[in-house]
Amino acid sequence: MAVPLIDLKSEYLELREEVLEAIDGALQTMQLFLGPNVQALESEWADFCGVEHAVGVGDGTDALHLSLRAMGVGPGDEVITVAWTFFASIEAIIHAGAAPKLVDIEPDYFCMDPAALEAAITERTRAVIPVHVYGHPAEMDAIGAICEPRGIRILEDAAQAHGAAYKGRTVGAIGDAGIFSFYMSKNLAGYGEGGMVTTDDEQIATGVRMLRDHGQRRRGTFECIGYNSRLDELQAAIVRIKLRRLAENNERRRQHAARYNQLLQHEDIIVPKTAVGCEHAFHLYTLRSRRRDEIAAALKAAEIGFATHYTNPPHRSAACEAYGLDRAHLPVTEALADEVISLPMYPGLSEAQIEQVAETVLSALG
Ligand SMILES: Cc1ncc(COP(=O)(O)O)c(C=O)c1O
């Protein structure tokens, strides 16, 4: 029996009536420009995260870019992030006109290594983007202790971590601002593109609100050069439906991960860990193994979906050569690129499917 990496179609069929009703409701009102669903989602997401402001934008990449600009990051500034992320985290720094600088990750949870961050800081460092990769929170206390006394802004990239928590606080509410993606495969998503910025900082919130709408604070008054990057009303209507199930779905993801971890005890496999005091959102369930290619071959033969996030981390990409990122010294990142493999993970995964995936993985290792 084939098992997909993620099953969006089954989820849609479960929600179909609610989704169609919400879309019809939005179309009946025709208030499609930052309409009632965008406003309601902003307020609901701010409450969920425990922040003052949530601002809906076109996608997660714009959420990063616009947040950096609203923080005042620009040419001449350096922004430090990790290479163990999706390309967008680096792209956004370049779009803001700043220079990206990459530091290594720690080997247990694959998030920013605070010691590497501290060593990389220069007088030009203006902001830091820790990435809560796969849904696991970065070490925010240590990162805060390094950045705050130096006046360096912290922008959490929580694109993969909706609902994850660090020492009782929801990610996106810990740094100066946080960003989320509502791309369709994310833990909280629409059926297209969308993004959100969360912050307690009035200035950042106002800045992002203006930048997402051509630099307007009020209709017709263009105060700065902005962008056309508003959250779409129909996507917001869909995300609101899924938000009501986010906590329960994240809990299911954690249960699936625990079951995988139980079944996948093998000397050639390192299963994902969760740091004490953290709640993982398990956007991805990613193993580490030197025998990754054998596992991948077995999964492929059994028609089981898998992915390798990230076989080609951004600093190895041609686009980064111009920024000198290809020369970054990132031993943990480099080792992981050859060893990671993500297995099927979504709330509706069944016990039988998990067992089948685990058996297939183990059969590859003998
Ligand atoms: C870590 C990370 N940051 C940023 C983004 C960008 O989000 P979007 O695709 O909504 O632009 C993604 C999307 O996959 C991501 O995984």
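The values are calculated or read from the model by the stated rules, or taken from the named source; none is laboratory data. Remember, it's a predicted structure, so these values are computed and weren't measured experimentally. As a convention, Cβ positions derive from the backbone with ideal geometry for all residues, glycine included, and neighbour counts pool all protein chains shown. Note: accessible area is taken over every heavy atom of the protein model, side chains too, but ligands, DNA and RNA are not part of it. Shrake-Rupley method; radii C 1.70, N 1.55, O 1.52, S 1.80 Å.
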The summed charge of the G25 Cβ neighbourhood (under 13 Å; Lys/Arg +1, Asp/Glu -1) stands at -4
CD proxy, 222 nm, the chain: helix-only mean residue ellipticity via -39,500 (n - 2.57) per DSSP H run with n ≥ 4, per residue, nearest 500, stands at -12000 deg cm²/dmol
Over all pairs of different Cα atoms in segment 237-366, the reciprocal of the mean inverse distance gives a Kirkwood radius in Å of 16.3
Over 29 Å (Cα to Cα) among K273/K300; K242/K273; K101/K242; K186/K300; K9/K300; K9/K101 -> K101/K242; K9/K101
Quick calc, the chain, dipole around Cα centre from Cβ unit charges on Lys, Arg (+) and Asp, Glu (-), nearest 20 debye, gives 340
Under the 7 Å Cα-to-Cβ spin-label approximation, E223 and D326 lie apart by a distance in nanometres of 4.3
Per the rule of 0.36 nm per residue minus the C-alpha distance, extending L263 to D338 adds in nm 24.7 nm
Quick calc, segment 1-156, dipole around Cα centre from Cβ unit charges on Lys, Arg (+) and Asp, Glu (-), nearest 20 debye, gives 660
So the pair-distance distribution of segment 1-83, from every Cα-Cα distance in 10 Å bins, comes to percents of 13, 26, 33, 19, 8, 0
A convex hull over the alpha carbons of segment 258-309 yields, per residue, a volume in Å³ of 103
Correct response: the longest run of the chain lacking exposed GluC sites (Glu not before Pro), defined by DSSP loop and at most 10 other Cβ within 10 Å, is 124-266
Hits in segment 329-366: amide N under 11 Å from the 7 Å Cα→Cβ extension of S10, namely 345-354
Expected unfolding gain across S185-T311 under the 0.36 nm per residue rule, minus the alpha-carbon gap, is 43.4 nm
Taking r as the C-beta separation of A247 and A352 and R0 as 25 Å, the FRET efficiency to the nearest 0.05 is 0.50
For segment 1-145, one quarter of the surface area of the C-alpha convex hull, expressed in nm², comes to 12.2
Dividing the surface of the Cα convex hull of the chain by four yields a projected area in nm² of 18.0
Result for the chain: accessible area per residue, probe 1.4 angstrom, in square angstrom, of 42
Among segment 136-153, those whose backbone N falls under 16 Å of a label point 7 Å along Cα→Cβ from Q203 are 148-153
